[in-house]
Amino acid sequence: MKRDSADPVSAHGRPAATADGDRVSGLIADVFHTLVTQPTTLCNLDCAYCYLPDRKRQRLMTADVAAALAGSVAEQDSPYPVEVVWHCGEPLATPIGHMRSLLTAFEPLRRKGAITHGVQTNATLLNDAWCELLTEYGFHVGVSIDGPAACNAARVDWAGRPSHERIMRGVARLRDAGIPFTVICVVTPDTIGRAAELVRYFTDLGCASVGFNLEEQEGANAFRAPISVEQSEAFWRDLWRLRQAGARLPIRDLDRLCDWIGATRAGGVDQRPFDPIPTVSHDGDVVILSPELLGVRSPDYDFVIGNVRRQSIPAMLARAGRMRYVREFGQALRGCADTCEFYDFCQGAQAGNRYFETGSFTVSETAYCRNTRQALARAAIACLTQQAPERR
Ligand code: SF4
């Protein structure tokens, strides 16, 4: 399950990026706000759209990798807390005692406010012991649910059995334990026309907010029918209209655009370079720019910028501009900035989508950005002006 980890606020103007050999300055930050970590490669589910290549095997992060990660955060010594997101597999498939041992390395940082923990889970393995751990360590919990049972059909276990009932049991445990949670809902070709039903469902579920990820073709998921721009625009339009009609559900994607408009009108939008989002495998390998690149092998690119057991992440980031995919992504961001009317809001979307759709990082516009950034903004304009949306 994918988080939307590249979550830029926005920027005025155009970045003056330079590639100075080692760094790609200006466009990609050399410090990180988000660190994605893989406590286990295993997932107990086998969702039809999953991009993770190695999710059937249990390989656990070792204590030395966790200690090296904590050391990298300490070395960065940033003035803001780093969110450590446990992800890339089903984190709760990690034996709970082992998870505690990994968390121990981060405790000095957490106690002084230098990190917060987040987890993206399918919730099927939640029990009282996990709820206690999540509370004890102050986790922000994200649950992956695609809607009511009929909308959740793509999410089955390895025996092909549906998972919805087990997810709902996990959600009930969170509620009983008083743990707030957000939701990520993958919208598939089967559910793209059911915006009103999804909004009703998530309103009743009691989540703090929902983010809608329109199904993408990436990683191990490259063979399902794609969602069209027209379908995407109609979906976002339905959501805007539901909100105009009084729907109270906080929706990440709509709120992000509203926040950007509000900040732009107030003249107070910060310019922020693209967060490198270091993503660390169970054995310490680090990729940047897109968690979906973890574990991907390519004849054309090496995605691993180093291993935390041998080098700190700040040291890796200082030299990341030497990597071909990082340089090419920098070029693509410049293309976005120079040519795209949506750039100030979008800030250039995910590197992984560029690669999985085209086999390269140099392309600027992708189906992902057309469906999730451009269609979202066009739908908002159409609703605000009460005009029929302009078709591309
Ligand atoms: S081309 Fe796509 S990714 Fe680039 S700024 Fe425009 S909408 Fe965003």
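Would you confirm whether any residue within the range 319-336 is within 16 Å of the ligand (Cβ to nearest atom), under 30 Å from ALA234 (Cβ atoms) and open to solvent by 10 Å² or more (accessible area, probe 1.4 Å)?
Looking for residues that are within 16 Å of the ligand (Cβ to nearest atom), under 30 Å from ALA234 (Cβ atoms) and open to solvent by 10 Å² or more (accessible area, probe 1.4 Å), one finds at least one in the range 319-336, hence yes.
Across the range 348-369, what is the total count of residues that are open to solvent by 10 Å² or more (accessible area, probe 1.4 Å) and more than 7 Å from the ligand (Cβ to nearest atom)?
10
Could you list all residues from the range 141-200 that are in a loop (DSSP other than H, G, I, E, B) and small (Gly, Ala, Ser)?
First pass over the range 141-200, keeping only residues in a loop (DSSP other than H, G, I, E, B): 145-148, 153-155, 158-161, 163, 177-180, 188-194.
Of everything in the range 141-200, those that are in a loop (DSSP other than H, G, I, E, B) and small (Gly, Ala, Ser) turn out to be GLY147, ALA153, ALA154, ALA159, GLY160, SER163, ALA177, GLY178, GLY193.
Would you check which residues across the range 44-60 are open to solvent by less than 40 Å² (accessible area, probe 1.4 Å) and out of contact with any Phe, Trp or Tyr (no Cβ under 9 Å at 6 or more places or on another chain) and list them?
CYS47, TYR49, CYS50, LEU52, ARG55
So for the range 279-289 (the condition being among the aliphatic types (A, V, I, L, M) and open to solvent by 10 Å² or more (accessible area, probe 1.4 Å)), does at least one residue qualify?
Scanning the range 279-289, I find no residue that is among the aliphatic types (A, V, I, L, M) and open to solvent by 10 Å² or more (accessible area, probe 1.4 Å), so the answer is no.
Within the range 248-273, work out how many residues are in contact with a helix residue (DSSP H, G or I) (Cβ under 7 Å, 6 or more places away or on another chain), in a loop (DSSP other than H, G, I, E, B) and modelled with pLDDT of 95 or more.
Here the count works out to 1.
Return only the number of the condition from (1) at pLDDT 95 or above; (2) open to solvent by less than 10 Å² (accessible area, probe 1.4 Å); (3) of a type in the set (A, V, I, L, M, F, W, C) that CYS151 does not satisfy.
Single failed check for CYS151: (1).
The values are calculated or read from the model by the stated rules, or taken from the named source; none is laboratory data. Just so you know, these numbers come straight off a predicted model, no measurement behind them. Reconstructed Cβ throughout: ideal geometry from the backbone, glycine too, with neighbour counts over all protein chains shown. Quick note on the areas: whole protein, heavy atoms, side chains included, nothing else; ligands and nucleic acids left out. Shrake-Rupley method; radii C 1.70, N 1.55, O 1.52, S 1.80 Å.
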